[in-house]
Amino acid sequence: MISGISKKVIFFSFLFINFLQPSKSAEFAKINKNINNRNTQLTWFKLSSLKSSSNFHNNTLSNDLNEDTDYVKFFEKKLDSILVAKAENQQELIIQSDKQSEINDVIYAEGNVSVSYAGKFLKADNLIYDKINKKIEAKGNITFILGDQIFRVSQLEYSFISEKGFLLEVKGVINSNTLIDDISSNFSLSDSKKLETIIDFNKKEVINTPAKLQNWLFFTEKITIDGNKWKSKKAIFSNDLLELKQAKLAINSLEVFPINEKLRFKSSLNYLILDEKISIPFWIGSRNFDLKNVQAANRWNFGYENLDKDGYYIGRKINTIEINDNFILDLEPQFLIQRSLKGYTKSFVNKGESITSDRVKRNSSFEDYFALKSQIKGTIKNWDLEIEKNLNSLDFNKFSDAFRFNTKLSKEIDLLDSVWEKSFYGVYRERVWNGSLGEAEIYSGYGSKLQKENTWITDGIKKSEFLSLGLANITAEALNTKNLVTNLKGHLFYSLDQKFPINIVNPKKKSIDITYKYIPEPITKGLSLNTRLEASYSLYENGDHQKYLGLGLGPELIFGNFKNKTFDYTRISLLPFYKFDSGKSVFKFDQNYEDFTLNISYDQQIYGPVILKSFGILNLTNDSIDYGEFIDSKISLNWKKRSYEVGIFYQPHNQAGGISFSLFGFK
């Protein structure tokens, strides 16, 4: 019996000297990277499997070699990786297939075709490569993988000379979090291994990715390629990896092309399709479209804002205006329905009075019936810039009272082994709600913040922390008068929320299947204990300061699975919170006032996807004028599904309401 080492030596020796007679062959063609060089050299070589033709082979080695078919299988399995590694190191076009022939400088490959070129890799049933015209054609079960991006295509044609081609019947899985990196990077050995366990586009089970929406299913009949620009008449994106039915984005006249190391999306009118029944139009225009933060972008907007708009209003977004390659402008003219019906407004102070004066009833003019909301978004050298403006009347005599403005310039930075957000901001006429003290006005301000958020689980205890440091120059309403005061403010804030399991029934697995129609992840039922720790310190230019240490502890009870149609989910949470505070602020908007509050949350499924959600902060501070009243509150009625949630909400404390929408992510 020949030892294992000896058998390996014999096997590979026979393989590379082609000593044994072939029974099955795989042929390879290699074309050098200089694809435009018409003197491309073609090299052929064969790999043969084992078949003995002599008595010596039959009698002496056959048993041992049969026992070592695992070496053959191992070599065949690793063959793709060998070729990919070669293509990575040498920018070459490598074609592998069961059968190959060449006629008049045209290579014909059939059966298990795989191609590696310039860091890209695909597999197909059949392939034709024209060496003279540098044109490649592939048909049948084409699979193309690049990092986390996976595509299946029925037909592909591409010219390396004109850089033009097309893809037919395209299905794909796109990871928006790594899309840019995958397109710019080379194909790796780990990518080739994905071909062995290629995913099914209709998954049987998925896992929710909280706060992350990065995996999308992608469908289109045809993609045309022209240089670095990809076009499709209509493309479908869906975050519903199970059934592809609950939520879809139908993007019309799609064009994708790179600008300044970012992907630029351009399209015409598009639709958000919910449950294949409701279509909500929205507009992308031409912008750096972020699939990681997609929200409903209905061109029509219906809302309620009593303080600034006197009640109900309706708005319609105008098509996005492209300022330049890095900036876009969104405009939304609004008609103030309730103000126009009343014929008067209570949103402004008397003419000539301070902005901190009480608002009064004034006759409205025709110009008062209209408002305008605008937003400019873009990037400046890896910094994200947002400028938002609101004009709550087009009567220019009220311009200083009707105009509100805020801007933010931010980016993520690595600091102390953590990811932080660094930002600079500016505000003009910002309203702030401060509990029992009510609404306060910031006339103007500018400053900088450095903050980070982190969530993790330790021994079953879920923890979330937030840390913020800031410095700002602010002009705002004084604490005890209606006067405006200006002061420099430094601020430090830290919070830690923890959820301790007391009597918890964890789901058997984290994944969900199509039986979960209403929720993105299984319900963790039972009793938990929530705690909150807050610490805050503020220092002002005039020497004043305030600080507090806040502690909260309370139960949370969840029962039901949210799978049946009626009353199959209930959540109740109570969190008493006490502040040990001292000092005072210069301003009204940030004064620590309530010492003792009770946070109350109640969620209840009513029928099917309909769920009632409510939240309130009850003031229990003995010496407060609002003792026993809710100083902050929100109630909403939501339509909740596995892939999305939409709802209408109202906030009684500041008399505001609107429509909320969110999409959920899966992997």
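The values are calculated or read from the model by the stated rules, or taken from the named source; none is laboratory data. All values derive from a computational prediction rather than experimental measurement. As a convention, Cβ positions derive from the backbone with ideal geometry for all residues, glycine included, and neighbour counts pool all protein chains shown. The protein model used for the area step is the full one, side chains on, heavy atoms only, and it has no ligands, DNA or RNA in it. Shrake-Rupley method; radii C 1.70, N 1.55, O 1.52, S 1.80 Å.
Some points to look at:
- Selection status of residue 392, modelled with pLDDT of 90 or more and over 27 Å from the mean Cα position of the chain (by Cα): yes
- Looking across the range 613-647 at every residue that is farther than 26 Å from residue 243 by Cβ and hydrophobic (A, V, I, L, M, F, W, C), the one that is least open to solvent (accessible area, probe 1.4 Å) is identified as 631.
- Taking the range 566-599 as the range and being buried (at least 19 other Cβ atoms within 10 Å of the Cβ) and β-branched (Val, Ile, Thr) as the test, the residues that pass are 586, 597.
- Residues of the range 469-491 classified as surrounded by 17 or more Cβ atoms within 10 Å (Cβ to Cβ) and within 29 Å of the chain's Cα centre (by Cα), total: 1
- Which numbered condition residue 494 misses (of (1) within 29 Å of the chain's Cα centre (by Cα); (2) open to solvent by less than 60 Å² (accessible area, probe 1.4 Å); (3) within 27 Å of residue 550 (Cα to Cα)): (2)
- Of all positions in the range 170-181, at least one carries a residue that is at pLDDT 85 or above and farther than 27 Å from residue 101 by Cβ.
- Qualifying residue in the range 603-624 (condition: in contact with a Gly (Cβ under 8 Å, 6 or more places away or on another chain), among the charged types (D, E, K, R) and in a strand (DSSP E or B)): yes
- Test: residue 462 is open to solvent by 50 Å² or more (accessible area, probe 1.4 Å) and of a type in the set (D, E, K, R): yes
- Residue within the range 505-526 that is more than 30 Å from residue 610 (Cβ to Cβ), among the β-branched types (Val, Ile, Thr) and part of a strand (DSSP E or B) present: no
- Test: residue in the range 656-666 that is open to solvent by less than 20 Å² (accessible area, probe 1.4 Å), within 30 Å of residue 239 (Cα to Cα) and touching a Gly at 6+ places or on another chain (Cβ under 8 Å): yes
- Residues (part of a strand (DSSP E or B) and in contact (Cβ under 8 Å) with a residue 24 or more places away in the chain) located in the range 266-278: 272, 273, 274
- Residue satisfying all of: in the range 129-144; touching a Phe, Trp or Tyr at 6+ places or on another chain (Cβ under 6 Å) and in a strand (DSSP E or B); most open to solvent (accessible area, probe 1.4 Å) among these: 144
- The set of residues in the range 406-443 being out of contact with any strand residue (DSSP E or B) (no Cβ under 7 Å at 6 or more places or on another chain), in a strand (DSSP E or B) and open to solvent by 70 Å² or more (accessible area, probe 1.4 Å) consists of 414 alone.
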